[in-house]
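Undergrad: Following this message is one structure expressed as structure tokens.
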Amino acid sequence: MNTITFTSFLNSLNPQPIPVLDKRIPHHKFVFIDLSDSNQDLQTFDINSSTQWEQYIRSYCENHQASVAYGGYLEKRNIYKRSSYFNQNNPDSERNIHLGLDLWTSAGSNIYTPLDGTVHSFANNTNYGDYGPTLILEHQMGEINFFTLYGHLSLESIKDLKVGQFFKAQECIATLGDATVNGDYAPHLHFQIVRDMSAYKGDYPGVCSLNDLEFFSNNCPDPNTLLKLG
């Protein structure tokens, strides 16, 4: 199945938005946010500071009368330059293109699976700037299977999980972590769709280099195809 066909399949699963946050949050309370390297506002504070990031995003939401800021798919970002984990010293292989969709909201917020799924794997990815606690679900829809990844969770979210554990669509699967556990970011959910996990368990690249963009964009289609946030 090629990328266009797979994206059409995802879009057909439900004509309405499929939430991964509290479904009682109305659609108009989500606002798009640009965190790319072209956003001049990001030069007005220290992007190495998770505290200043949280203040910036909170102010952005307040100014737009929103509860959640979202965006980031295939966005080129400068924030990853703060960590050697992203190979920031080599421009040819620097990983700075974001492969998921971020939803910026409060620590402790409940996370829900958009579809029936089973636990494929989970881990606490503790590199500086990494996901922190991470959950990956496998979804089997007829003859098609794929995966969803949930990063920057609370430690409690993965404490009692078991591989193969089943979650029904719209069941709470986790809560968001804060900067002390989530890779040192302002609280947010990194939500990513992965067609083929290969040998990865509990982790999958959420950021890639320009050199690898064609492969990863094919293997990780736009999560907003499911969420339909705008």
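The values are calculated or read from the model by the stated rules, or taken from the named source; none is laboratory data. What you see is a predicted model, and the numbers here were worked out from it, not measured in a lab. For neighbour counting, all protein chains shown are included, and Cβ atoms are generated from backbone atoms with ideal geometry for every residue, glycine included. The area values use the complete protein model at the heavy-atom level, side chains included, leaving out ligands, DNA and RNA. Shrake-Rupley method; radii C 1.70, N 1.55, O 1.52, S 1.80 Å.
Undergrad: Could you check the stretch 62-102 and list, in sequence order, the residues that are outside any strand (DSSP E or B), at pLDDT 90 or above and on the phi > 0 side of the Ramachandran plot? Talk me through it step by step, then tell me what you get.
TA: First, the residues of the stretch 62-102 that are outside any strand (DSSP E or B): 62-67, 72-75, 77-96, 99-100.
Right, trim to at pLDDT 90 or above and you get 62-67, 72-75, 77, 96, 99-100.
Those that are outside any strand (DSSP E or B), at pLDDT 90 or above and on the phi > 0 side of the Ramachandran plot: GLN65, GLY72, LEU74.
Undergrad: A further question follows. Anything in the stretch 7-50 that is in a helix (DSSP H, G or I) and β-branched (Val, Ile, Thr)? List them, or say none. Explain how you work it out, then say what you get.
TA: We begin by selecting, within the stretch 7-50, every residue in a helix (DSSP H, G or I); these are 7-12, 27-29, 40-43, 50.
Scanning the stretch 7-50 gives a single hit, THR7.
Undergrad: Run ARG95 past the list (1) surrounded by 17 or more Cβ atoms within 10 Å (Cβ to Cβ); (2) farther than 30 Å from SER38 by Cβ; (3) among the basic types (Lys, Arg) and report the number of the one that doesn't hold.
TA: (2)
Undergrad: Sort out which residues of the stretch 141-155 are open to solvent by 50 Å² or more (accessible area, probe 1.4 Å) and either among the aromatic types (Phe, Trp, Tyr) or more than 24 Å from MET1 (Cα to Cα) (or both), and write them in order of number. Quick ask: steps written out before the conclusion?
TA: At the first step, the residues of the stretch 141-155 found to be open to solvent by 50 Å² or more (accessible area, probe 1.4 Å) are 141-143, 145, 155.
Result: LEU155, single match.
Undergrad: Given the criterion more than 29 Å from ASN145 (Cα to Cα), outside any loop (DSSP other than H, G, I, E, B), aliphatic (A, V, I, L, M) and out of contact with any Asp or Glu (no Cβ under 6 Å at 6 or more places or on another chain), identify the matching residue among ILE57, ILE4, ILE111.
TA: The match here is ILE57.
Undergrad: Kindly evaluate GLN52 against the criterion of being out of contact with any helix residue (DSSP H, G or I) (no Cβ under 8 Å at 6 or more places or on another chain), surrounded by fewer than 18 Cβ atoms within 10 Å (Cβ to Cβ) and more than 26 Å from LYS23 (Cβ to Cβ). Before the answer, list the steps.
TA: Working: out of contact with any helix residue (DSSP H, G or I) (no Cβ under 8 Å at 6 or more places or on another chain): yes; surrounded by fewer than 18 Cβ atoms within 10 Å (Cβ to Cβ): yes; more than 26 Å from LYS23 (Cβ to Cβ): yes.
For GLN52, the condition - out of contact with any helix residue (DSSP H, G or I) (no Cβ under 8 Å at 6 or more places or on another chain), surrounded by fewer than 18 Cβ atoms within 10 Å (Cβ to Cβ) and more than 26 Å from LYS23 (Cβ to Cβ) - is met.
Undergrad: Please find, among VAL20, VAL31, the residue that is touching a residue at least 12 places away in the same chain (Cβ under 8 Å), surrounded by 15 or more Cβ atoms within 10 Å (Cβ to Cβ) and under 16 Å from GLN170 (Cβ atoms). Let's see the steps before the verdict.
TA: On the way: VAL31 fails: under 16 Å from GLN170 (Cβ atoms).
Unique residue meeting the criteria: VAL20.
Undergrad: Something else: Within the group THR105, THR118, which residue is surrounded by 18 or more Cβ atoms within 10 Å (Cβ to Cβ), in contact with a strand residue (DSSP E or B) (Cβ under 7 Å, 6 or more places away or on another chain), at pLDDT 90 or above and not hydrophobic (A, V, I, L, M, F, W, C)?
TA: Working: THR118 fails: surrounded by 18 or more Cβ atoms within 10 Å (Cβ to Cβ).
Of the residues listed, the single one that is surrounded by 18 or more Cβ atoms within 10 Å (Cβ to Cβ), in contact with a strand residue (DSSP E or B) (Cβ under 7 Å, 6 or more places away or on another chain), at pLDDT 90 or above and not hydrophobic (A, V, I, L, M, F, W, C) is THR105.
Undergrad: Return yes or no: is ILE158 surrounded by 15 or more Cβ atoms within 10 Å (Cβ to Cβ), more than 16 Å from LEU21 (Cβ to Cβ), without any contact (Cβ under 8 Å) to a residue 40 or more places away in the chain and under 18 Å from the mean Cα position of the chain (by Cα)? Reasoning before the result, please.
TA: Details: surrounded by 15 or more Cβ atoms within 10 Å (Cβ to Cβ): yes; more than 16 Å from LEU21 (Cβ to Cβ): yes; without any contact (Cβ under 8 Å) to a residue 40 or more places away in the chain: yes; under 18 Å from the mean Cα position of the chain (by Cα): yes.
The answer is yes for ILE158.
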